[in-house]
Amino acid sequence: MTLAQAAGGSPALNLGIFAVFVAITLVVVFRASRNTRTAADYYAAGRAFTGPQNGVAISGDYLSAASFLGIAGAIAINGYDGFLYSIGFLVAWLVALLLVAELLRNTGKYTMADVLSFRMRQRPVRTAAATSTLAVSFFYLLAQMAGAGGLVALLLDVEDKGGQAIVIAVVGLLMILYVLIGGMKGTTWVQIIKAVLLISGAAVMTLWVLGKFGLNLSTLLGEAVSRSGDGGDGLLGPGKRYGLSEASKLDFLSLSLALVLGTAGLPHILMRFYTVPTAKEARRSVVWAIWLIGIFYLFTLVLGYGAAALVGPEAIKTAPGGANSAAPLLAAELGGTLLLGFISAVAFATILAVVAGLTITASASFAHDIYANVIKRGAADDKAQEVRVARITAVVIGALSILGGILANGQNVAFLVALAFAVAASANLPTILYSLFWKRFNTRGALWSIYGGLASTVVLIVFSPVVSGKPVDETTGRSASMLQGVDFHWFPLDNPGIVSIPLSFLLGYLGTVLSRDKADEGKYAEMEVRSLTGAGAEKAVAH
Amino acid sequence: MSTTERAAESGPPGTATWAEVQADPRFRELRRRLRGFVFPMTALFLGWYLLYVLLADYAHEFMSMRVVGNITVGLVLGLLQFVSTFVITTLYVRYANRRLDPLADEIRGEIEGGGR
C-alpha cells in the first residue's frame, strides 16, 4: 500500500499539481534567459536581485525536503529532539550575517574560492577551495537525488525501482534544463516560487492545526502526548533520540557544532550573496532569510506535534516512508486529497529547486576556479568560453547526480546531508574566517585547513558507525549502517564535527606559523579595505 | 563591467594606495566598530547556543520540567533561541545602518571618486 492510498490521496492529482509548477517555472526560466549573456549574468544573475528577493531565494535553497518532511517527521516521532535540529539550522545564520555575508560580497566575484584565494597563491588555493566546493555540493546533491526516489514512492505511487529511476532521471533532466537555460537568474526565480509555495503551504497547515486546538499550544502538546501512549511524555523534553548513551550524547553535541558552523560555509548559500548589487543588499538578504527560515521552523514545530496528535506516531511509523510521511499524512488528515496533492507537489518542487541551486554552484566553481583560473591561469579573457564550460559542467554534474541518485536509491544515505554540513564547517568556514580576519594567514595555512578539514571529515565518516558496524535490528534483520555484514568502524560517533572542526582551525594556524611564507601585506590591505568599505566591489550589470 | 574589472585587478581607482587607506584613522575606526560589535556578539550567541545544547543533552530532567500546562522549560528555552536570533539580527541591522554604513560609504566615496 502506498501513502497515497493509505491517506486516500490521488497520485494523478499530485502529479498534476507538480506538472503545473514545472510549467510555470519553465516559462519564468525562459523569460529570465533572455538577459543571460555574460559570465556575471550566468553565475550571479547580473547581481540584479534585491535583498528581499534574494532572501526569499536563500530560504528556498536552504529549506530542502529534508528540513520540511524530515524535521516535521522527527518531531512527530521523537518530539523535542526533532526540534533541536531546527534551532541549530537557524542560529547558524547569525554566523553568516555577522561574519561572512557582507565581507564576502564585497571581496569576491562568483565563488567561495574568489575570497579564499584573494591574497594567496592563486592556483593551489583555488584548486583546494574548488575541491571542497565540489565535494560539499556533490554530497548534498546525492542526498537530494536519492531522497527523490523515496519521495516518489511515497507520493506518486511509483513502487518499482525501474519506475523510480525514470522519475529520478526526469527530475535530473528538468534541473539541467533550468540551469542551462536560466542560469543563476532562472534558478533564483525557481527558488523564489518554491519558497513562497512551501512557506505559505506550511502556514495554512499550521493555522489549521492550531485552530483545531483552540489556538492553544499546550492543548496540542497534551493531545500529542496522550496519542503517543506509553512514554509519550518523553515527547516534550529532550533525550528520546539522543539521550540513550554517553556516545549518543556526544554525537548530538558534535552534530550541533556542525549545524551551527556549517551553514556559513555552504558554497551554494555563499554564491547567493553575489546575486545582489551591494553588501547592504546582501545584509538585507540574510535578514529576510533569517525571518523566513525562523518562522518556517516554528511552523514545523506545530506541524510535527500536530501530526503526532492528529495522525498518531503509530500510523506514521507504519506508513510507507516512515517519519517522512508525517507532513503528507497530516495534510491529508486536514484538507483531504487536494491539500495532500498540494503538499506533495511542493515537496517535490523543493527537491528540484535545491538540486538546481547545487548544480549551478558546482558548475560555476569548476568553470570559474578550475578551468579559467587554474587551467587557463586566469588568462582566458574569453568569458563566453568560460560560461560554455560552466554549461557543459552542469550537464556532466546533472548526469552524474542522476546516475548517483539511481544507484543510491533505497540506500541509507541520510548521513550525506550531515556530511555536507560537516565538510562545510570543517574545511570551508575556518578558512573563510582566517582569510577575512587574520592578517598573517597564508597559502600553506589555507591549504592545510581546507584539505585537513576535508580529509579528516571524510575519513572519520568512512570509519564511523554510519558506514559500518551498527547493531542489526531484530525486526528488520538489517543494520542501520550503510554497509551490511561488515564492521570496520573505529570512530565511535556518527558526526565527526567535534574532532574535525577544531582540527581544521588548528591546522590552519599551524600551517601558517610553520610556513616561511610571509603573508602578502599589500593584498591584505586591499582585501581588508575592500571587504569593509565595498570599494571596487563587483557592480550590478545594467541591461 | 570593464571598469570594475580593472578596479578589481589593479590598485584602487583613486590616488591613495590600499595600504594608505588601511592606515587612515577613519578606516581604523570603521574596523574597530565592526569588530567591536560582531566578535563579542558572536561569542555571546555561540555561548548561549552551546549552553542550550548542553542542557538539552545532559539536563533532561530540568528541560522536561513543566512551566505552565504542557509547556516545558526546554520548549521555552528553545523558543528563546529563536527570539535571541531575531533580536540579534535586528540589533545588528540598526547598528550597521547607524554606525558602519555612513563611515564605509564616506571612505568608499573617496576611494572611488578620488583622482578622477
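The values are calculated or read from the model by the stated rules, or taken from the named source; none is laboratory data. What you see is a predicted model; the values in this text were computed from it and never measured. Every residue, glycine as well, gets a Cβ built from its backbone with ideal geometry; the counts of neighbours run over all protein chains shown. Calculation scope for accessible area: heavy atoms of the full protein, side chains included, ligands and nucleic acids excluded. Shrake-Rupley method; radii C 1.70, N 1.55, O 1.52, S 1.80 Å.
Residue-wise test of (1) free of Cβ contacts under 8 Å to residues at least 24 places away in the same chain; (2) crowded, with 16+ Cβ neighbours inside 10 Å; (3) within 7 Å of chain A (Cβ to nearest Cβ); (4) not in a loop (DSSP other than H, G, I, E, B).
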| site | (1), (2), (3), (4) |
| --- | --- |
| B:R33 | no, yes, no, yes |
| B:F39 | yes, no, no, yes |
| B:L51 | yes, no, no, yes |
| B:L55 | yes, yes, no, yes |
| B:M63 | yes, yes, yes, yes |
| B:G78 | no, yes, yes, yes |
| B:S84 | no, yes, no, yes |
| B:Y92 | no, yes, yes, yes |
| B:N97 | yes, no, no, yes |
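Quick one: in segment A:354-378, which of the residues that are charged (D, E, K, R) and in contact (Cβ under 8 Å) with a residue 24 or more places away in the chain is least open to solvent (accessible area, probe 1.4 Å)? In this case the residue turns out to be A:D369. Close Cβ contacts (under 7 Å, 6 or more residues apart or on different chains) running from residues in segment A:436-460 that are closer than 22 Å to A:L493 by Cβ to residues that are open to solvent by less than 50 Å² (accessible area, probe 1.4 Å) and of a type in the set (F, W, Y) comprise A:S449/A:Y434; A:L460/A:F491. Checked against the criterion of being in contact with a Gly (Cβ under 8 Å, 6 or more places away or on another chain), within 12 Å of chain B (Cβ to nearest Cβ) and small (G, A, S), the candidates A:A264, A:A308, A:A282 yield just one match: A:A282. Scanning segment A:37-47 for residues that are buried (at least 19 other Cβ atoms within 10 Å of the Cβ) and either closer than 13 Å to A:T188 by Cβ or of a type in the set (S, T, Y) (or both) turns up A:D41, A:Y42, A:Y43, A:A44, A:A45, A:G46, A:R47. Restricting to segment A:459-478, what's the tally of residues that are closer than 27 Å to A:V260 by Cα and either in contact with a Cys (Cβ under 8 Å, 6 or more places away or on another chain) or open to solvent by less than 50 Å² (accessible area, probe 1.4 Å) (or both)? Residues in segment A:459-478 being closer than 27 Å to A:V260 by Cα and either in contact with a Cys (Cβ under 8 Å, 6 or more places away or on another chain) or open to solvent by less than 50 Å² (accessible area, probe 1.4 Å) (or both): 7 in total.
Restricting A:R126, A:R31, A:R105 to residues that are touching a residue at least 40 places away in the same chain (Cβ under 8 Å), open to solvent by 10 Å² or more (accessible area, probe 1.4 Å) and among the charged types (D, E, K, R) narrows the list to A:R126.
Note on segment B:99-115: residues that are within 20 Å of A:A96 (Cα to Cα), more than 8 Å from every other protein chain (Cβ to nearest Cβ) and open to solvent by less than 50 Å² (accessible area, probe 1.4 Å) amount to 1. A:Y434 passes every criterion in (1) open to solvent by less than 20 Å² (accessible area, probe 1.4 Å); (2) closer than 24 Å to B:W18 by Cβ apart from (1).
When you scan segment A:129-147, do you find a residue that is without any contact (Cβ under 8 Å) to a residue 60 or more places away in the chain and either in a helix (DSSP H, G or I) or surrounded by fewer than 24 Cβ atoms within 10 Å (Cβ to Cβ) (or both), even just one?
Taking segment A:129-147 as the starting set, the residues that turn out to be without any contact (Cβ under 8 Å) to a residue 60 or more places away in the chain are none.
No, every residue in segment A:129-147 fails to be without any contact (Cβ under 8 Å) to a residue 60 or more places away in the chain and either in a helix (DSSP H, G or I) or surrounded by fewer than 24 Cβ atoms within 10 Å (Cβ to Cβ) (or both).
If you check A:A540 against the conditions, is it under 25 Å from B:W18 (Cβ atoms), more than 8 Å from chain B (Cβ to nearest Cβ) and either touching a Phe, Trp or Tyr at 6+ places or on another chain (Cβ under 9 Å) or open to solvent by less than 60 Å² (accessible area, probe 1.4 Å) (or both)? In short, yes. Can you name every residue in segment A:299-323 that is without any contact (Cβ under 8 Å) to a residue 24 or more places away in the chain and aliphatic (A, V, I, L, M)? Hit for segment A:299-323 is A:A315, nothing else. Among the residues making up segment A:507-522, those that are open to solvent by less than 60 Å² (accessible area, probe 1.4 Å) and under 15 Å from B:A19 (Cβ atoms) are A:A519, A:G522.
Inclusion of B:D24 among residues that are farther than 30 Å from A:G237 by Cβ, touching a residue at least 24 places away in the same chain (Cβ under 8 Å) and not small (G, A, S) is warranted. Cβ-Cβ contacts under 6 Å between residues 6 or more apart (or on different chains), taken from a first residue in segment A:216-228 that is within 8 Å of chain B (Cβ to nearest Cβ) and closer than 14 Å to A:G79 by Cβ to a second residue that is charged (D, E, K, R) and open to solvent by 70 Å² or more (accessible area, probe 1.4 Å), are listed as A:V225/A:D233. Among the residues of segment A:479-502, is any open to solvent by 60 Å² or more (accessible area, probe 1.4 Å) and within 14 Å of chain B (Cβ to nearest Cβ)? Yes, because at least one residue in segment A:479-502 is open to solvent by 60 Å² or more (accessible area, probe 1.4 Å) and within 14 Å of chain B (Cβ to nearest Cβ).
Being in contact with a strand residue (DSSP E or B) (Cβ under 8 Å, 6 or more places away or on another chain) and open to solvent by 10 Å² or more (accessible area, probe 1.4 Å) holds for only one residue in A:L244, A:L197, A:L217, and it is A:L217.
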